[in-house]
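Visitor: First the structure, then my questions, so here it is.
Derivation of every value follows stated rules applied to the coordinates shown; laboratory data play no part. A quick note: this is a predicted structure, and the numbers were derived from the prediction, not measured. Positions of Cβ are generated from backbone atoms using ideal geometry, with glycine treated the same way; all protein chains shown enter the neighbour counts.
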Amino acid sequence: MPVSVSRCEFAGTPLAARDGREFVAKTLAGHPRIDDLVQITSELIANAVRHSHSKRPGGRVAVTVVEGTDFDGIAFAGVKVTDDGSEQRPYVKRWPRVEESGYGLALVEELADRWGHYITRDRRTVWAAVTVS
């Protein structure tokens, strides 16, 4: 059950989404679901920068990429984005709504096979994983 883990950290600015997409695209180059993983990364980082303390001066966003095989022998790849914390818990905004933005986690939920989040004392992590049949 070999697992590969790569991690990179970015300043908590709007450029973090671009940088995170490039990191994931390079790390998982050739993965059959790379487009989904890059889009998921973009949404998670955008949320982290917009809705957490990472947007404050000196704020950071960490992106971790994991690829391997689970205990059932199913190949997977996942991305987790850790930010500087927030008073808000991540939630999925349901369709149809009239707002033009705010549907990032709904898109993540559609693209990922599973996703979730956890909160520690001063950090928040949102993760998503895809499988390969």
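Visitor: Given springs between every Cα pair under 10 Å in a Gaussian network model of the chain, which of SER54, SER86, SER42 has the largest fluctuation?
Guide: SER86
Visitor: Next up: Once phi is turned into ³J(HN,Hα) by the Karplus curve 6.51 cos²θ - 1.76 cosθ + 1.60 with θ = phi - 60°, what whole-Hz value does each residue of the range 121-133 show in order, with x for glycine and proline?
Guide: 3, 10, 9, 9, 10, 10, 10, 8, 9, 10, 10, 10, 6
Visitor: Separate question: Please find, in a Gaussian network model of the chain (springs between Cα atoms separated by less than 10 Å), the residue of ALA112, ALA77, ALA29 whose mean-square fluctuation is greatest.
Guide: ALA29
Visitor: Which is the longest stretch in the chain that no exposed loop site breaks, taking sites as chymotrypsin sites (Phe, Trp or Tyr not before Pro) with a DSSP loop state and at most 13 other Cβ atoms within 10 Å?
Guide: With chymotrypsin sites (Phe, Trp or Tyr not before Pro) excluded where exposed in loops, the chain gives 1-70 as its longest stretch.
Visitor: Per-residue HN-Hα couplings for the range 33-48, Karplus 6.51 cos²θ - 1.76 cosθ + 1.60 at θ = phi - 60°, whole Hz, x for Gly and Pro?
Guide: 10, 4, 4, 4, 5, 5, 5, 4, 4, 4, 5, 5, 5, 4, 5, 4
Visitor: For GLY12, what residues show an amide H to amide H distance below 5 Å, using hydrogens built from the backbone and excluding near sequence neighbours?
Guide: Distant-sequence amide H within range of GLY12: GLY59, ARG60, VAL61.
Visitor: Quick one, can you get me the convex hull of the C-alpha atoms of the chain expressed as volume per residue in Å³?
Guide: Per-residue hull volume (Cα only) is 114 Å³.
Visitor: Moving on to the next point. Please give, to one decimal in nm, the separation of the simple spin-label points placed at ASP35 and THR13, each 7 Å out from Cα toward the Cβ.
Guide: Between ASP35 and THR13, the simple spin-label model gives 3.1 nm.
Visitor: Here's something else I'd like to know. Between SER52, ALA77, LEU111, whose Cα lies farthest towards the positive end of the dipole of the range 3-132 when Lys and Arg beta carbons carry +1 and Asp and Glu beta carbons carry -1, centred on the Cα centre?
Guide: Result: SER52.
Visitor: Could you tell me the relative contact order of the chain? Use alpha-carbon pairs under 8 Å, at least six residues apart, and round to a whole percent.
Guide: Rounded, it is 27 percent for the chain.
Visitor: Now, a different point. What ³J(HN,Hα) values, in whole Hz, does the Karplus curve 6.51 cos²θ - 1.76 cosθ + 1.60 give for the range 49-65 when θ = phi - 60°, with x put for Gly and Pro?
Guide: After applying 6.51 cos²θ - 1.76 cosθ + 1.60, I find 5, 7, 10, 9, 6, 4, 6, 6, x, x, x, 10, 10, 9, 10, 10, 10 Hz.
Visitor: Name the residues whose placed amide hydrogens come within less than 5 Å of the amide hydrogen of GLY85, ignoring near sequence neighbours (fewer than 5 apart) on the same chain.
Guide: The answer is HIS53, SER54, ARG124.
Visitor: Taking the Cα centre of the chain as origin, work out the dipole magnitude from +1 charges on Lys and Arg Cβ and -1 charges on Asp and Glu Cβ, in debye rounded to 20.
Guide: Once rounded to the nearest 20, the dipole reads 440 debye.
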